[in-house]
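These notes concern the structure reproduced below.
The values are calculated or read from the model by the stated rules, or taken from the named source; none is laboratory data. Model, not experiment: these values are computed from the prediction. Cβ coordinates were reconstructed from backbone atoms using ideal geometry, including for glycine residues, and neighbour counts include every protein chain displayed.
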Amino acid sequence: MEMNENILFIPSKEIPELVSRLNDGNWRVTVSIKNGKTTGKYKKYFVTKEELVNKLLERIDLVNEIVN
């Protein structure tokens, strides 16, 4: 599987604040990107492929702290 260099990584609890809810109950995320960059509200949620693993590990650590 091939991935783009930048990945949109939004915590699920922040989805309702950021995205549009459609009439059928689904969510719509619309991101404008020019030359591989965005200056919009999603800018802080983009991570590179290299950063993704560390971000996932941070989230797992956070879940472990909450559960234990």
Legend entry - Pairs, first free of Cβ contacts under 8 Å to residues at least 40 places away in the same chain in region 2-14, second of a type in the set (Val, Ile, Thr) and assigned to a loop (DSSP other than H, G, I, E, B), C-beta under 6 Å, six or more apart: none
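Scan region 26-41 for residues that are small (Gly, Ala, Ser) and farther than 18 Å from Ile15 by Cα and jot them down. Please lay out each step first, then the result.
Our first condition is that a residue be small (Gly, Ala, Ser); within region 26-41, this holds for 32, 36, 40.
Gly36 - this is the single residue of region 26-41 that is small (Gly, Ala, Ser) and farther than 18 Å from Ile15 by Cα.
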Legend entry - Any hit, region 48-64, residues being loosely packed, with under 10 Cβ neighbours inside 10 Å, touching a strand residue (DSSP E or B) at 6+ places or on another chain (Cβ under 8 Å) and either in a loop (DSSP other than H, G, I, E, B) or modelled with pLDDT under 90 (or both): no
Legend entry - Tally of residues being surrounded by 11 or more Cβ atoms within 10 Å (Cβ to Cβ) and in contact with a Ser or Thr (Cβ under 7 Å, 6 or more places away or on another chain) across region 1-26: 1
Legend entry - Pick from region 27-40, criterion touching a Lys or Arg at 6+ places or on another chain (Cβ under 9 Å) and not hydrophobic (A, V, I, L, M, F, W, C), ranking: surrounded by the most Cβ atoms within 10 Å (Cβ to Cβ): Lys37
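Here is a check on your reading of the model: is Lys43 surrounded by 10 or more Cβ atoms within 10 Å (Cβ to Cβ), modelled with pLDDT under 90 and among the basic types (Lys, Arg)? Steps first, answer last, please.
Numbers: surrounded by 10 or more Cβ atoms within 10 Å (Cβ to Cβ): yes; modelled with pLDDT under 90: yes; among the basic types (Lys, Arg): yes.
Yes; evaluated as a whole, the condition is true for this residue.
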